[in-house]
Amino acid sequence: MRDIRLHDTLSGELRTLEPRQPGRVGIYACGPTVYERVHVGNARPFVVFSLLKRFLEHEGHDVLFVENVTDVNDKIYAAALAAGVPSADLARQMTAAFVADTDRLGLGRPDVEPLATESVPEIVGLILALVERGHAYEAGGDVYFRVRSHPGYGKLSNRPLDDMVQGEDDDPARPGLKESPQDFALWKAHKEGEDTAWPSPWGEGRPGWHIECSAMAEHILGLDFEIHGGGSDLVFPHHENEIAQTEAGRGAPLARLWMHNGMIRFEDEKMSKSLGNIRSLAGALDQSGRDALVMYMVSGHYRQPIAFSPEALEEARRSVGRIEELSRRLDPEGPEPQGLDTYVDRFFDALADDFNTPAARAVLFDWVGEANRRADAGERPGVGRLRDMLWTLGLEALLDRPGTAQGGPPPQVERLLVARERARADGDFAEADLRREDLRTLGWEVRDTPQGPQLLPVR
């Protein structure tokens, strides 16, 4: 196994992954709050940690990947009230939509996807431990974490304590419950207009947001597991609070490494309007296809923000097209191309160095370039370990796409053809020509015949 180093937000350093048990790695990534359809930004941690699991498995680790779903929350109550439906029904609907949308990414599911509403006993148990240790207190049916009782509070986000006011837990109708503005809710008493509640030692109510993940992660992975992840927007308050809750309640760390992915930045308002509904994950998949969207995601280092724009998606589509074009020149049954092992080693070394997917992607295209040069010289190189590299980046299906024995045009190409024919029918020939160029970029040419349009691989 390679030594794998990952950036740890808690220490601010690159740290070598050191599993509790050799060869076994637990990953917990914070998932969505299901009050609406997920957007492209919600998909980034799903992609990052799904691919990290693939890489670790390639390196010989047995990985248990957990991503939770927050299905009880103030945002869900508000959205359900606006829609005139029960909150539990909206949460179930949006959870199903999240699963359906992320299934389209073709990266598989997390091994465990716990729901907050199914984890209430574990949540109540952790709150009880905090109350017993003096780190939490009941007030008006709510239970709050006493931040000043935990000396290590703030070590993840490195903020002064006075700057860590958590106003989202303040109820204007019930002022003065908290001892300190920094304290945060572990349990919330049932309020008028909320249509779900669970029994507890403090009365009917529901969990606070932060305690859910501490309890679910501990229940499934145990304490001191290997990797806790999520978006950088969760560093404070969510992950800061998770660390404090577990350390105060259990006397042990929750996780060894804290990984945070950067945000997806949308362009200015004018550009956002032009993007329309492709801000949603479903819309982006409809527009660009899963291959281009995954290629776009791996083009940036996970810790850095990446811009979401038509230009970025178009560059990803061109990259996908290069691999699809090469796939038609390879021999699926051929021997391993000689002299290309160094590329493969460099590819996986890049991923071992803080999961650097842009560097690994660059090496992948070095392999593609060399294979094309050999094909130009009259060889028909074998697929070799190209499939290993593509699988690790979630792009293995590109080898089973156009011109190979395994199948015909991919769904993305079929959708572009439909869009081209719709534009022609509407008399929008400029749009039709653009879709024809998109098809050619992906390695397909449209030939109009009396029987209708035919798709042919570009040779």
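A few remarks follow.
- Where labels lie 7 Å past Cα in the beta-carbon direction, separation of Gln338 and Asp388 in nm: 2.0 nm
- Taking GluC sites (Glu not before Pro) in DSSP loop conformation with at most 10 other Cβ atoms inside 10 Å as exposed sites, the chain has its longest uninterrupted site-free stretch at 1-191.
- Reciprocal of mean inverse Cα separation for the chain (Kirkwood radius, Å): 24.3 Å
- Normalised contact order of the stretch 16-261, rounded percent, pairs of Cα under 8 Å and 6 or more residues apart: 23 percent
- Estimated FRET transfer efficiency when R0 is 30 angstrom, pair Asn372-Val99 (beta carbons, to 0.05): 0.20
- In the stretch 215-264 the Cα-Cα distances spread across 10 Å bins starting at 0 as 26, 57, 16, 1 percent of all pairs.
- FRET efficiency, Trp198 to Asp426 (Cβ-Cβ, R0 45 Å, nearest 0.05): 0.25
- Globularity index of the stretch 96-208 is 1.28 (Cα radius of gyration / 2.2 N^0.38 Å, N = number of residues).
- Cα→Cβ-extended label distance, 7 Å offset, between Arg329 and Arg15, nm: 4.5 nm
- Across the chain, the mean sequence separation of Cα contacts (distance under 8 Å, 6 or more residues apart), normalised by length, yields a relative contact order of 16 percent.
- Note on Val112/Ala82: beta-carbon distance plugged into 1/(1 + (r/R0)^6) with R0 of 35 Å gives a FRET efficiency of 0.65.
- Cα centroid separation, the stretch 42-64 to the stretch 138-203 (Å): 34 Å
- Full extension of the chain segment joining Gln454 with Met263 gains 64.7 nm, where the gain is 0.36 nm per residue of separation less the Cα-Cα distance.
- Net charge over other residues, Cβ less than 13 angstrom from the Cβ of Ala88 (K, R count +1; D, E count -1): -3
- Radius 11 Å from Cβ of Asp111, net charge of other residues (Lys, Arg +1; Asp, Glu -1): -1
- Angle between the chain longest axis and helix 120-132 axis [Cα atoms, degrees, rounded to 10]: 40 degrees
- When you filter the trypsin sites (Lys or Arg not before Pro) in the stretch 1-93 for DSSP loop state and at most 16 other Cβ atoms inside 10 Å of their Cβ, you are left with Arg2, Arg20.
Read-outs: derived from the displayed coordinates by stated rules, not from any lab. Keep in mind that this is a model prediction, so the values were computed, not measured. With ideal geometry, Cβ positions are generated from the backbone for all residues, glycine too; neighbour counts draw on all protein chains shown.
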